[in-house]
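Everything below concerns the one structure shown next.
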Amino acid sequence: MKYEYFFEDELPYARRFDANALFYSSSWKTISGPIRGSVLTSGASDQPTLKSAIARALADTRDAHQIVAGAVPFSRHSSAKLYLLRDFVDLRPKGDEIAAYRPIAVDMSPHKKAFAEDVARALELFGPSLSKVVLARALDIALAEELSLSSLIANLLRINPSGYTFAVPAGIESHPYVFVGASPELLLRKKGMTITTNPLAGSIKRGKTPEEDEASAKALLHSAKNRHEHALVISAVRDALAPFCETLDVPDTPSLIKTPTVWHLSTTITGYLSDPRCSSVDLAFALHPTPAVCGYPTESAMSAISSIETFDRELYAGFVGWMDASGDGEWAVALRCANVARQSVKLFAGAGIVAGSRPLDEAAEIEAKFGTVLGALGFVR
């Protein structure tokens, strides 16, 4: 199914706030359409419950084009938002203008001083059983006018065309909202027996001029602190995927990738599965949460996050995407994202804390990561 333009009136996310349609787009596929029903009957987000529900939903359908799509939260204590969907759409954003919304209230949690204290607390926990913790911040913005969800998604696609752009219904009837973002990070893609993952860890804010930007990229590539942070993630990803693979290709050194606001250290890992019954969801759960969004080792980092952070990450730092009945699918790490309601936006971003981390640098990194959604709202140009 193809449309000449994206977001015409008959399509999901027309020029109104629609919290009952789902959207996901990457270089592989664009998926958009009204949800046919929830995959889950309860809020449980533990792996066995979710995997069983997904398998049951896809097995019950006689429609070969039906998929499961949506988002899985960072913590098993939060609710997954997974739905049945069918439509596949060729997307062509319409219009060139980014509307600028007027904020009437802005609140950051935690504030900069409190975040610096959180970083210090995390560093005090480091030792043989903990070497990295990812700490997040939330930015709440109340808007003077009603937000156009369609424009926000189109803007995200326009300013970050290489990202994994998504909009997943996430609220309840009395409080509808949509989880929206444009992630730079592929958690797992499965096509037949071939898998790909692209962990990102180690980041720096982009420079304002070409010369500053080039200097930032070089500084990141040669930063011992960031290379160490990246190596922790790559080691964990290799260990998680090796049991599923006949072959696994892991480059020796990272490369650089960029978003409109941030440079990242990046490694693309490919593998060939040993068992055709292994699904993209099986592999996504084997990786989730990676040290890039949680820390290392996982359980110790999870415990530290629970003791330090004062807000619920919800779907942020989980994973978002889709899977078909064959087990093929694509899941991105849920980053550069926000909960979007009619007149409010709650953004999430985090930074990896390792030995040598400096609070002001980590705070600046997080604020740069907010720039993806803020730019799509017209707040950052």
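The values are calculated or read from the model by the stated rules, or taken from the named source; none is laboratory data. What you see is a predicted model, and the numbers here were worked out from it, not measured in a lab. Virtual Cβ from ideal backbone geometry, glycine too; neighbours counted across all protein chains shown.
Taken over the stretch 263-288, the residue count meeting the criterion of being under 16 Å from the mean Cα position of the chain (by Cα), surrounded by fewer than 22 Cβ atoms within 10 Å (Cβ to Cβ) and not in a helix (DSSP H, G or I) is 1.
Test each condition in (1) over 14 Å from ILE305 (Cβ atoms); (2) touching a strand residue (DSSP E or B) at 6+ places or on another chain (Cβ under 6 Å); (3) not acidic (Asp, Glu) for ILE159 and report the one that comes out false. Evaluating ILE159 over (1) over 14 Å from ILE305 (Cβ atoms); (2) touching a strand residue (DSSP E or B) at 6+ places or on another chain (Cβ under 6 Å); (3) not acidic (Asp, Glu) leaves (2) as the failure. Restricting attention to the stretch 201-214, does a residue exist that is in contact (Cβ under 8 Å) with a residue 12 or more places away in the chain, among the β-branched types (Val, Ile, Thr) and farther than 30 Å from ASP46 by Cβ? Yes: the stretch 201-214 contains one or more residues that are in contact (Cβ under 8 Å) with a residue 12 or more places away in the chain, among the β-branched types (Val, Ile, Thr) and farther than 30 Å from ASP46 by Cβ.
SER109 passes every criterion in (1) under 15 Å from ARG358 (Cα atoms); (2) small (Gly, Ala, Ser); (3) in contact (Cβ under 8 Å) with a residue 60 or more places away in the chain apart from (1). Looking across the stretch 289-310 at every residue that is touching a Ser or Thr at 6+ places or on another chain (Cβ under 8 Å) and part of a loop (DSSP other than H, G, I, E, B), the one that is farthest from LEU123 (Cα to Cα) is identified as PRO289. Filtering the stretch 340-355 for residues that are within 20 Å of LEU265 (Cβ to Cβ) and of a type in the set (S, T, N, Q) leaves an empty set. Within the stretch 104-141, being more than 30 Å from THR298 (Cβ to Cβ) and surrounded by fewer than 15 Cβ atoms within 10 Å (Cβ to Cβ) holds for ILE104, ALA105, VAL106, ASP107. Out of all the residues in the stretch 104-151, which are acidic (Asp, Glu) and either closer than 30 Å to ASN20 by Cα or in contact with a Phe, Trp or Tyr (Cβ under 6 Å, 6 or more places away or on another chain) (or both)? Those that are acidic (Asp, Glu) and either closer than 30 Å to ASN20 by Cα or in contact with a Phe, Trp or Tyr (Cβ under 6 Å, 6 or more places away or on another chain) (or both): ASP107, ASP140, GLU145, GLU146. Scanning the stretch 161-193 for residues that are modelled with pLDDT of 95 or more and surrounded by fewer than 14 Cβ atoms within 10 Å (Cβ to Cβ) yields LYS191, GLY192. In the stretch 50-61, the residues that are on the phi < 0 side of the Ramachandran plot and surrounded by 15 or more Cβ atoms within 10 Å (Cβ to Cβ) reach residues that are acidic (Asp, Glu) and not in a helix (DSSP H, G or I) with C-beta atoms within less than 9 angstrom, at least six apart or across chains, in these pairs: LEU58/ASP324.
Of all residues in the stretch 289-299, those satisfying the criterion of being crowded, with 20+ Cβ neighbours inside 10 Å and either among the hydroxyl-bearing types (Ser, Thr, Tyr) or in contact with a Leu (Cβ under 9 Å, 6 or more places away or on another chain) (or both) are THR290, PRO291, ALA292, VAL293, GLY295, TYR296. Going by the structure shown, is GLU330 assigned to a helix (DSSP H, G or I), touching a residue at least 24 places away in the same chain (Cβ under 8 Å), acidic (Asp, Glu) and under 30 Å from THR196 (Cβ atoms)? Answer is no for this residue. When we screen ASP18, ASP63 for residues that are closer than 20 Å to ASP328 by Cα, at pLDDT below 80 and assigned to a loop (DSSP other than H, G, I, E, B), the only hit is ASP63.
Against the condition more than 15 Å from LEU186 (Cβ to Cβ) and buried (at least 23 other Cβ atoms within 10 Å of the Cβ), how does GLY321 come out, does it pass? In short, no. The set of residues from the stretch 112-138 being over 10 Å from ILE308 (Cα atoms), touching a residue at least 40 places away in the same chain (Cβ under 8 Å) and among the basic types (Lys, Arg) comprises LYS112, LYS132, ARG137.
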